[in-house]
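Colleague: Take a look at this one; I'll ask things after.
The values are calculated or read from the model by the stated rules, or taken from the named source; none is laboratory data. On a predicted model such as this, the values are computed, not experimentally measured, just so you know. We place every Cβ from the backbone using ideal geometry, glycine too, and count neighbours over all the protein chains shown.
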Amino acid sequence: MKTITILSAILFLSFSAISVDTPSKCMVNLTKSDLLADAIELHCANFNDNDQFTIKGFSIKFPGHPSEVLEGGGLNSNARSYVGDLKANQIVTVFDIKSAYSNGELIATENIPAFYIKIVE
């Protein structure tokens, strides 16, 4: 019984140690065409009242490929070529987002969550 109590306490402390300021991750469904757009549009219940926004300056990780660090709002030629390899239900991760824009106006430069993008057809 002591072992279970100690393990429960360790788990509680581990989860309690996560900072409130740590951005959470969000899941969105996008098509390959959405990823290839000049500006990737995202939304998240925990950010910007779930309203759509675009991003600039971010890293992106495709399954089976190295991460790409991007400065603009769209994909570079390497990342564009990785999109062609994607299949439905695969996950692309967008992280280290530098800035978010809504209707062309800057809305955030910090605490922007990372995103899991599930590819849909």
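Colleague: Among the residues of the stretch 59-68 satisfying the criterion of being surrounded by 11 or more Cβ atoms within 10 Å (Cβ to Cβ) and over 15 Å from residue 34 (Cβ atoms), which is farthest from the chain's Cα centre (by Cα)?
Modeller: 65
Colleague: Counting only residues that are small (Gly, Ala, Ser) and in a loop (DSSP other than H, G, I, E, B), which one in the stretch 29-71 is nearest to residue 108 (Cα to Cα)? Reasoning before the result, please.
Modeller: Start the filter on the stretch 29-71 by keeping residues that are small (Gly, Ala, Ser), which leaves 33, 37, 39, 45, 57, 59, 64, 67.
Still in the running and in a loop (DSSP other than H, G, I, E, B): 37, 39, 45, 57, 64, 67.
Values: 37: 21, 39: 16, 45: 15, 57: 12, 64: 31, 67: 23 Å.
Checked the stretch 29-71; the qualifying residue nearest to residue 108 (Cα to Cα) is 57.
Colleague: I've got another one for you. Select from the stretch 72-121 the residues that are more than 24 Å from residue 46 (Cα to Cα) and in a loop (DSSP other than H, G, I, E, B) and write down the one among them that is nearest to the chain's Cα centre (by Cα).
Modeller: To start, the set of residues in the stretch 72-121 that are more than 24 Å from residue 46 (Cα to Cα) comprises 75-88, 121.
With the extra rule that they be in a loop (DSSP other than H, G, I, E, B), the set shrinks to 75-76, 84-88, 121.
Working: 75: 14, 76: 17, 84: 20, 85: 19, 86: 17, 87: 18, 88: 18, 121: 19 Å.
Checking each candidate, the answer is 75.
Colleague: Also, I was wondering about something else. Does the stretch 40-57 include one or more residues that are more than 14 Å from the chain's Cα centre (by Cα), surrounded by 13 or more Cβ atoms within 10 Å (Cβ to Cβ), without any contact (Cβ under 8 Å) to a residue 24 or more places away in the chain and farther than 20 Å from residue 120 by Cβ?
Modeller: no
Colleague: For the stretch 43-71, how many residues are among the aliphatic types (A, V, I, L, M) and either in contact with a helix residue (DSSP H, G or I) (Cβ under 8 Å, 6 or more places away or on another chain) or modelled with pLDDT under 95 (or both)? Break it down stepwise before answering.
Modeller: Start the filter on the stretch 43-71 by keeping residues that are among the aliphatic types (A, V, I, L, M), which leaves 45, 55, 60, 69-70.
Filter once more, so that each one left must be either in contact with a helix residue (DSSP H, G or I) (Cβ under 8 Å, 6 or more places away or on another chain) or modelled with pLDDT under 95 (or both): 45, 60, 70.
Here the count works out to 3.
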